[in-house]
Amino acid sequence: MATEILMPELGESVHEGTVSRWIKNVGDFVKEDEPVVEIMTDKVNTELGAPASGTLVKILIPEGGDVAVFATMGIIEEDAELAKQMLAGEVSAEAPAAPAASATPAASEPAPAQEEVPAASADNGERMWFSPLVRAMAKEHGLSEGELRSIAGSGAGGRVNKKDVEGYLKNRGSRSSAAPTAAPSMPQVKPVEPTTAGDGQELVPLTGMRKMIAEAMVRSHAVPTVSTLIEVDVTNMVEFRSRNKDAFQQQYGVKLTYTPFLIKALTECLQDFPFLNAALMPDNQIVVNNGVQLGVAVSLGEKGEGGLIVPVIRDTHKKDLVAIAKDLEEIAAKARGNKLGVEDVKGGTFTLTNPGSYGATLGTPMISAPQSGILGTYGIVQRPVIIDGMIAIRSMMNVVLTYDHRLVDGLMAGRFLQAFKQKIEAFAFFK
């Protein structure tokens, strides 16, 4: 009996993911619930267990390939003898058209003649495979099997994805209105020329975490943003931490870093400037958040080798400094152990990033669309400052606010930064 490995629904807003790694190879025996494939969704790696015990006889979505929710990624054959025949090519290891659990009377209606036609682009005689999402779109818009096969796929291995179907439907509509008697024909998409490595070079595919970050940055780059800089005197904060860090850890069981103070001050400012805690949606509706769900950039892996990720500390507007410090330590520990889940990174309303923790003194952080802002705090440096006509050595920090200029103008941004500066410099958190 063949069992499909399906892409699960990992969250309400998660419609697809990326296969970042196959833990098992074709021909390997796997036990039920044993990790078999790793999925990247919303910058979180999730290991999926095998749905049944047996032999992995086919991988349908390669590493780096996109996969829609409920689509088939691979096939496990529970019968050992049949699995050997499949691996030897004596029996086809092709996935069924749809999972048996979701079969409906309508699923028994496909025309046999069309099902037997091999795909034009398949040289090995296999049928062209379409994801359930693509099949649903074809049914909704009345696309015939022939039309579906004619679409040039831009996905992994030439697969047809959602964007390909949308592009075809757009061109199909314009052609049918201009020349209703002409048979529709898709323009040939010029294939991307493969990159070749030169002398002393090597090629590394863009997959997993880096691919998800790249896609998110492209989306965010489409937002018109501005960055504004301010200097903050953090001498009081530095001296308080230096005097109290050991006692704080003994009393509360967590390390006292600068970040909880920054989070507390930032949260209070966001409540005073709600448009910086908002999001402009595609239908031009502004979602203004009453509560603060603060995303905080932390490093992945024990030594930060996995890059940065932005888990969310919930309801920071309801928490004191100690609770924030505990939450921060908890999410940092989960990130170091690669134990963050999808829910840990969802629902942020604003983001704080602290490049100063790795020595950066200035930069321009990029917002995480559709959030309207991100605050970057940078390295603390001692330098001479003029105070009341006298020179004093103070601990200074650069703070940069990047914001969506459609929602936030320069005046609001300047007032927001001044409010943040005053809260940090007054350092009245314990008064």
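The values are calculated or read from the model by the stated rules, or taken from the named source; none is laboratory data. These numbers come from a predicted model, not from an experiment. Note that we place each Cβ from the backbone using ideal geometry, even for glycine, and neighbour counts take in every protein chain shown.
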query: Which of the residues belonging to region 52-77 are in a loop (DSSP other than H, G, I, E, B) and under 25 Å from the mean Cα position of the chain (by Cα)?
result: Leu60, Ile61, Pro62, Glu63, Gly64, Gly65, Val69, Phe70, Ala71
task: Go over the candidates Lys31, Lys24, Lys43 one by one and state the one that is surrounded by 15 or more Cβ atoms within 10 Å (Cβ to Cβ) and either in the same structural domain as Val345 (by TED's automatic domain parsing) or modelled with pLDDT of 90 or more (or both).
output: Lys24
message: Considering only region 340-353, I want to know if a residue exists there that is over 26 Å from Ile39 (Cβ atoms) and surrounded by fewer than 17 Cβ atoms within 10 Å (Cβ to Cβ).
response: no
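Residues checked against (1) closer than 20 Å to Leu294 by Cα; (2) buried (at least 16 other Cβ atoms within 10 Å of the Cβ); (3) within 24 Å of the chain's Cα centre (by Cα):
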| site | (1), (2), (3) |
| --- | --- |
| Ser372 | yes, yes, yes |
| Gly389 | no, no, no |
| Ala392 | no, no, no |
| Phe420 | yes, yes, no |
